[in-house]
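Below you will find the structure I want to go over with you.
Laboratory data are not the source of any read-out in this text; all were calculated from the coordinates shown. Because the structure is a prediction, the values reported are computed rather than measured. Here Cβ is always computed from backbone atoms with ideal geometry, including for glycine, and neighbour counts include all displayed protein chains.
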Amino acid sequence: MSVDSTTAAHVVVIGDALIDRIVDGTQHREFVGGAGLNVAVGLRTLGVGTTLIATLGADAGGTRVRDYLRGHDVALIASPAALGTSVALSERVDGEPRYAFNTAAQHREIAFTPEVMHAIDAATLVVVSCFPFDNPAQAAALAASVRAPESRLVIDPNPREGMLADKDAFVEHFEALAARSLLTKVGDEDAQLLYGSSLTELRDRLIAAGTGAVLATAGRDGATITTGTGVTAASGITDMPGEVIDTMGAGDATLAAAVSALVHDGVPGQEDGWSRLLGFAMDTAAATCRVEGALLQPHPARRQPIA
């Protein structure tokens, strides 16, 4: 496996972009968000040229998302959304977000136009985050869009219970694409929601199916990267000044940092390389958790993937 780590490297992110409406007691606030958008902006923050492919409405929410991406220098290829821009309504329970989604979010679809296909073909890496794998037509179009070399593919299924229409279909199509991937990220909540299993069981299942590497995150319990030759572990949250304020976006920051390291440094050939990648990703997530909102925050001492 290899990744072109020249300055011309460019990553395409295929995923969701939405408006987060947060209810916290009597406070009601709105942020631009979505897992795909967070990863794309995070990558750009870490110095990687990035294009986001997402569904957006021709409405105030869509305008706000477009302005936000423009402000962060992220290119956008938007698929039209007849139902408008996706909205996630979230409430905080013990600091963790709990989501409900509007109809537009539940029926979002990417149009795999010639422009989209050209962007995917030209990308150094293709990152998929929060994609509707339970839509067979969408899953088939995505699978057909990522052509050789397939080692460019990075996946985070990022299922949301309020968006999930057919769990069995989601699992089937996610696993088929994950088997072709360079790296797949999964979390403990993904394992429980999709499989009713432990994160370790899901990690081993994906490796056995052919996934190149699995980045498995378990919140406060840390993370691992597993390949066919071994497991690299990071236990707990990185120790750094300041309190953990908001875990929103931590998983997206972890993924963006890992992809950034792949772009800048190439695919690790040995366990110590995966350990450095994982450490950089965990440091970035820890810094992100120390500010409100989901925008990636580089670790003060580690603004580049290699220390």
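Among 150, 175, which comes first, second and so on when ranked by fewest other beta-carbon atoms within 10 Å? Write down the numbers at each step before the final one.
Values: 150 15, 175 18.
Ranking 150, 175 by Cβ neighbours within 10 Å, fewest first, gives 150, 175.
Here's another thing I want to ask about it. Summing -39500 (n - 2.57) over the DSSP H runs of n ≥ 4 in the chain and dividing by its residue number, what mean residue ellipticity at 222 nm do you reach, to the nearest 500 deg cm²/dmol?
Details: 10 runs with 111 residues, N = 307.
My calculation for the chain gives -11000 deg cm²/dmol from helical runs alone.
Please report the antiparallel percentage of DSSP beta bridges with both residues in the chain, rounded to the nearest 5. Walk me through the intermediate numbers first.
Working: 24 of 56 bridges.
Antiparallel bridges make up about 45 percent of those DSSP assigns within the chain.
Once the dipole of the chain is set up with Lys and Arg at +1 and Asp and Glu at -1 on Cβ about the Cα centre, which of 286, 200, 223 lies farthest towards its positive end?
286
In units of 2.2 N^0.38 Å, what is the alpha-carbon radius of gyration of segment 98-237? Walk me through the numbers on the way to the answer.
Details: Rg = 15.1 Å, N = 140, 2.2 N^0.38 = 14.4 Å.
Its radius of gyration relative to the 2.2 N^0.38 Å reference: 1.05.
Moving on. For segment 66-195, calculate the relative contact order in percent as a whole number, restricting contacts to Cα pairs under 8 Å that are 6 or more residues apart. Walk me through the intermediate numbers first.
Values: 156 pairs, mean separation 26.7, N = 130.
Normalised by residue count, the contact order of segment 66-195 is 21 percent.
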